[in-house]
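What follows is one structure encoded as C-alpha cells, with my remarks underneath.
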Amino acid sequence: MIRKKYRATAATLYFGTFLMQGVSLSILAQYKSEFANIWHCSIASVLSLISIVNLGALFFTLFVGPISDRFGRKIPAVIGNLFQGFYFFSLILTPSLTLEKYLAFLFYGLGNSFAYVSGNATILEIFPKRASSANVLIKFLISLGQFILPWFILLASVTHTNFRIVFMGAGLIYILVSIILVFSSFPQYNRSS
C-alpha cells in the first residue's frame, strides 16, 4: 500500500510528468504550419525538429540514469521538468529553426531524459509490490496525453486562442510541476556505491 506521504508525489509524477509527456510527444506536429510561418521554413523542416528532440532524449538517456542513481530521484525530476518547461518557452521565443534545433536537443533531450528516468524510478520505488501495474499506468498516461491533446487543440481553435498561449501553458505546467516536486516527499534512496 502506498504511504500517504508519497501520494502527492505519485500524482504529480503521473499527471504532471507522464501525462504531459504524451502531450509533448505530439504537440509540435499539430502546430507545424504555425511554426513554419514564424521560422520562415518548410513544414518538412519543422518536422525535422521532432527527430532532433527525440535524438536528444535518446542521447541524454545514456547519461541521466547513472546521475539519477548517484544523486537520488528528486533533483533530476525537478531539473527534468524545468528543462521541459524551458523547451516549450524556447519554441515560441526562438527566432530561427536552426537555433531552436540546438535548444530543443538540449532542453527537450535533458528534460525528457531526467523527468522520465527519475520519475519512472520513483514510481517503481513508491509501488515496489505493484511495479508492473505502476509501469503500465505510466504508459497509459503517456498515451492518454496524446489522446486528449486534439481536444485541447480544438478548444484553443474554437476560442481563437493563439497557439503561443498553448505552448506557454504547457511550459508553465512543467514549471509548476517542478515547484510541486521541490516540496514533495520522495522515497528514501540508498545511493549505490
Worksheet item: Helix 19-30 sits at what angle to the longest principal axis of the chain, using alpha carbons and giving 0 to 90 degrees rounded to 10?
Response: 20 degrees
Item to complete: Any chance you could list P(r) for the range 24-103, counting all Cα-Cα pairs in 10 angstrom bins from zero, rounded to whole %?
Response: 17, 46, 25, 11, 1
Worksheet item: Relative to the longest principal Cα axis of the chain, at what angle does helix 163-182 sit, 0 to 90 degrees, rounded to 10?
Response: 20 degrees
Discussion item. Taking the Kirkwood radius as the inverse of the mean 1/r across Cα pairs, report the Rg/Rh of the range 109-193.
Written reply: 1.06
Practice prompt. Report the net charge of residues surrounding Gly171, where surrounding means a beta-carbon distance below 15 angstrom and charges are Lys +1, Arg +1, Asp -1, Glu -1.
Written response: 0
Discussion item. Please report the carbon-and-sulfur percent of the accessible area for the range 38-193; probe 1.4 Å, protein heavy atoms only, DNA, RNA and ligands left out.
Written reply: 72 percent
Worksheet item: Just by accessible area at a 1.4 angstrom probe, what is the order of Trp151, Trp39 from largest to smallest?
Response: Trp151, Trp39
Fill in: 0 to 90° range, to nearest 10: angle between helix 43-71 axis and the chain longest Cα axis
20 degrees
Worksheet, complete the sentence: Over its alpha-carbon atoms, the chain yields an Rg and a Dmax in Å of 16.9, 55
Worksheet, complete the sentence: The alpha-carbon center of the range 172-186 and that of the range 10-76 are separated, in whole Å, by 18 Å
Discussion item. Under 8 Å for C-alpha pairs, at least 6 residues apart: give me the relative contact order for the range 1-149, rounded to a whole percent.
Written reply: 38 percent
Practice prompt. Eight or more residues apart or on different chains, and alpha-carbon atoms under 23 Å: count the Lys pairs in the chain matching that.
Written response: 8
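The values are calculated or read from the model by the stated rules, or taken from the named source; none is laboratory data. Note that the structure is a prediction, hence the values are computed from the model and not measured. A quick note on method: Cβ atoms are made from the backbone with ideal geometry, for glycine too, and the neighbour counts reach across all protein chains shown. We work out accessible area using only protein heavy atoms, side chains counted, and drop any ligands, DNA or RNA first. Shrake-Rupley method; radii C 1.70, N 1.55, O 1.52, S 1.80 Å.
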